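Structure first, then comments.
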Amino acid sequence: MPMTDKNLDALVAGAVEAEADPDRHVMEEAVLATVARHGLDAPELLNGFNALTWSRADHRALADALWEGIVERTPADAVLIRARLTAAGATVEDAVLEGILNGSKVREVSVAVRYVGILDRQDRLSRAEGAGREYLDKVAKAKTEGGDSDAAVAGLLKDAFALVAGKKLVKEYPNELEDTVGFLKTLEARRADGRAWSGLDSGFRHLNEVLNGLTEGVFILAGAPSTGKTTLAKQIADHVAGAEKVPVLFFSFEQSKEELRIKSLARLAQVDSRTIWKGRSDADAWSKVEAAAEEYSRRPGIWLTIIEAGREDTLDRIRAAAILAKHKAGDKPVLLVLDYLQILPAGRDAPEDTRGKIDWNLSELRRLSRDLKSPVLVISSENREAYKGNNPPTLAALKESGGIEYTADAVICLWRDKEESDRLTKDFGRLTVRVEAHVLKNRNGELAKVKLDFTPAWSSFDNEGQAEGLAWSAALGE
């Protein structure tokens, strides 16, 4: 029998609220209890929580009472919540309220956020299914009524839009009152932290000051061959893992794990990477390498994962690995390092042409960074014209690489003055050269030229001037 407004009202009037699926029931209670416990300290949970459709009347009433307390910035106190429930004419049994407030159903915030996502998806699919049934009933009715076909189709389209709105199939966005709950708390925590920058520490003071650390966003690290792009990226990855103690995933599409590890050992031991690679270290150098290996395992090794990536490692796989790492780390930020952009596999929905694939991947990387609330460091090549001469880099160097200059949050190009490097090598046999990191785009700060000391043999970068003493000593045989 086709569903009409009349018999739908009759069904609603005679309906008895049924118990929800046990899994849903448990998830709803866990979300309510976690919000009651953490409140303003879990802003990532509150937005989704406020948009949920609850399966039980008492759960809906508790959610409203908790939200009222959050807006008023009052604690989840049983007496206050009971007063709000009474004022709203809602009935919640004492045992249910006690079960939500006694802490036994509280979950980790990241788990509760995941529950909210599951519940919201279930709600949307159920509402879409109901809207589909109602629409098909309207189509059947239009067929029997006859009349002008254009008018009938227009009426059905109008009904479809009405169903979408009525069933709330389109995402509703919170207003600023709802969306800023917990925002001041976030700013207060950042202020109390006392750090000179809000992002992760790259290990390079001036670069941190310019970029505000490695914040949420896509950071492009470009440069001509042999300027040390992968070396710098690996050093930053090691430092973030060791100093910040957050997950770092290094997806290498070219170099092997062995090559990347040797870079780190050479830097930590201050031993030529080529002697380590060839197995020709003398006893003194080898003892330094052994000590470096111990430090590498103890500090960055706990938090750092190197993935020898291939064609199958699309952004879908990268996203899944990053989400898992973030969850296992208790919702800490994650640093993703991708080496490198031009050979990163594109998903099935990406355009066929190379430029289109790069643009598509960059857009997906920005979404991934936003969803993870984490930085993504991506190594990129330059076009050939950019390094034929000896001119400082510009964004034009990236023209053949898609819309990098438009999509990225920051673009850093490494540049080494060939004439100056050649002169220093010829005159002094200097082992350390000056590399300039030109910050050509910076969505959250200034443009700048950051000077770094690069010792290629040790696969090591230092802040300007810090490596010169060591390099000069080595050059003089001291």
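Some values worked out for this structure:
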read-out: Odd one out for R319, checked against (1) under 24 Å from S381 (Cα atoms); (2) charged (D, E, K, R); (3) at pLDDT 90 or above; value: (3)
read-out: Test: D417 is of a type outside the set (A, V, I, L, M, F, W, C), surrounded by 19 or more Cβ atoms within 10 Å (Cβ to Cβ) and either modelled with pLDDT of 65 or more or within 28 Å of the chain's Cα centre (by Cα) (or both); value: no
read-out: Tally of residues being of a type outside the set (V, I, T) and in a helix (DSSP H, G or I) across region 248-277; value: 15
read-out: Every residue from region 56-90 that is assigned to a loop (DSSP other than H, G, I, E, B) and hydroxyl-bearing (S, T, Y); value: T74
read-out: Index of the failed condition, T186 passing every other in (1) at pLDDT below 95; (2) closer than 19 Å to L398 by Cβ; (3) β-branched (V, I, T); (4) in a helix (DSSP H, G or I); value: (2)
read-out: Single match in E308, E290, E294 (criterion: in contact with a strand residue (DSSP E or B) (Cβ under 8 Å, 6 or more places away or on another chain), surrounded by fewer than 20 Cβ atoms within 10 Å (Cβ to Cβ), farther than 18 Å from V246 by Cα and in the same structural domain as D238 (by TED's automatic domain parsing)); value: E308
read-out: Residue within region 40-55 that is in the same structural domain as S104 (by TED's automatic domain parsing), part of a helix (DSSP H, G or I), modelled with pLDDT of 90 or more and touching an Asp or Glu at 6+ places or on another chain (Cβ under 6 Å) present; value: no
read-out: All positions within region 293-318 that are part of a helix (DSSP H, G or I) and of a type outside the set (D, E); value: A293, Y296, S297, R298, P300, G301, I302, L315, R317, I318
read-out: Pairs where the first residue, in region 258-274, is assigned by TED's automatic domain parsing to the domain that holds I236 and at positive phi and the second is of a type in the set (F, W, Y) and surrounded by 21 or more Cβ atoms within 10 Å (Cβ to Cβ), C-beta under 9 Å, 6+ apart; value: Q270/W458
read-out: Search result, residues across region 56-104 that are of a type in the set (G, A, S) and within 22 Å of A42 (Cβ to Cβ); value: A61, A63, A65, G69, A76, A78, G99, G103, S104
read-out: Conditions (1) buried (at least 17 other Cβ atoms within 10 Å of the Cβ); (2) of a type in the set (D, E, K, R); (3) under 30 Å from W360 (Cβ atoms): number failed by R299; value: (3)
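The values are calculated or read from the model by the stated rules, or taken from the named source; none is laboratory data. Remember, it's a predicted structure, so these values are computed and weren't measured experimentally. Because the Cβ atoms are built from the backbone with ideal geometry, glycine has one as well, and the counts that use them run over all protein chains shown.
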